[in-house]
1. Compute the whole-percent fraction of alpha carbon pairs in segment 1-62 spaced more than 12 Å apart.
2. Sort the following peptides by mean Cβ neighbour count (other Cβ atoms within 10 Å, averaged over residues), highest first: 30-37, 54-61.
3. Based on other C-beta atoms within 10 Å, arrange Thr39, Thr46 from fewest to most.
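Just so it is clear, none of the values below were taken in a lab; they were calculated from the coordinates. Only a predicted model underlies this, so the values are computations on that prediction, with no experimental measurement involved. A quick note on method: Cβ atoms are made from the backbone with ideal geometry, for glycine too, and the neighbour counts reach across all protein chains shown.
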Amino acid sequence: MITVTKPDSKKVQDFCVNHEDIDLFVVEEAPAIPPGYFTLMDEVMTAAFNLKCNMDSSGLVLPFGGKKMLFLGDQAQLPPVGGPAVYDDGSIVPECQAARRETK
């Protein structure tokens, strides 16, 4: 079941009130976050901070509600649990998977 993040939901309103004065959001260990979480962050922040659906110069809705985002992390570390890495295009087999032994 797909849920839609609505601007009038209590959680979105609370998030907006608690974070409206923040100009820059810093996300540590970003490479360890599955892509779906970035989508969720974008949806919630857009619902909270971009109620009028303001657009950039090319006509696209501003990502993350128009807030500044700083993503930090080391791509050489372990991939996220339960999903692919944001930077993974599927062409590289992680070393741990290539060396995996069969269990008996």
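1. On the way: 1397 of 1891 pairs.
Taking all Cα-Cα pairs of segment 1-62, the fraction more than 12 Å apart is 74 percent.
2. Output ranking for 30-37, 54-61: 30-37, 54-61.
3. Thr39, Thr46
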